[in-house]
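First the structure, in the form of structure tokens, and then the observations on it.
The values are calculated or read from the model by the stated rules, or taken from the named source; none is laboratory data. Predicted model, so just to flag it, every value in this text is computed and none were measured. Here the Cβ positions follow ideal geometry from the backbone for every residue, glycine too, while neighbour counts run over all protein chains shown. The protein model used for the area step is the full one, side chains on, heavy atoms only, and it has no ligands, DNA or RNA in it. Shrake-Rupley method; radii C 1.70, N 1.55, O 1.52, S 1.80 Å.
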Amino acid sequence: MADASYPEDLLYHPEHDWARVEDGTATFGITWYAQDALGEVVFFDPPEVGSTVTAGEAYAEVESVKAVSDVIAPLSGEIIEVNTALADQPELINNDPYGDGWLVKVKLSDPSETEQLLDSAAYEATLS
């Protein structure tokens, strides 16, 4: 399992999701805190490529040995890629939540929504 970290180059949603924004697209995943709270992830139920997601709403499910949890979209847009490696290796979400454990890539419909997200220091402050 990965060590606790909250990279400064990411933006965070209070529901423990992160976004890496680059050139009008964003990669989404769940934070170290979220994967730690879930425990061992055993299944990721991704959305369909081409579907749309809305900031603050559930777009996928992650199943662990403890529970099934909704994954909340930090930003709105169209799903352009799903991390297919998670079908066979859902544990990547635990082992590398900010790298190989990313969930989806999204073409942003409203890049100004990033202003509603938290930086790493503000997100970490919500955890205490």
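In the set A122, A55, A60, A67, which member is at pLDDT below 95 and aliphatic (A, V, I, L, M)? Can you show your working first?
On the way: A122 fails: at pLDDT below 95; A55 fails: at pLDDT below 95; A60 fails: at pLDDT below 95.
From the options A122, A55, A60, A67, the qualifying one is A67.
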Checked pairs for region 110-127, first over 15 Å from G77 (Cβ atoms) and among the charged types (D, E, K, R), second modelled with pLDDT of 95 or more and in a helix (DSSP H, G or I), C-beta under 9 Å and 6 or more apart or across chains, list as E124/Y33
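Residues are listed down the side, and each one gets a yes or a no for (1) closer than 15 Å to S69 by Cα; (2) open to solvent by 10 Å² or more (accessible area, probe 1.4 Å); (3) in a strand (DSSP E or B):
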site	(1), (2), (3)
S5	no, yes, no
E8	no, yes, no
Y12	no, no, yes
E15	yes, yes, no
R20	no, yes, yes
A26	no, no, yes
G29	yes, no, yes
Y33	yes, yes, no
A37	yes, yes, no
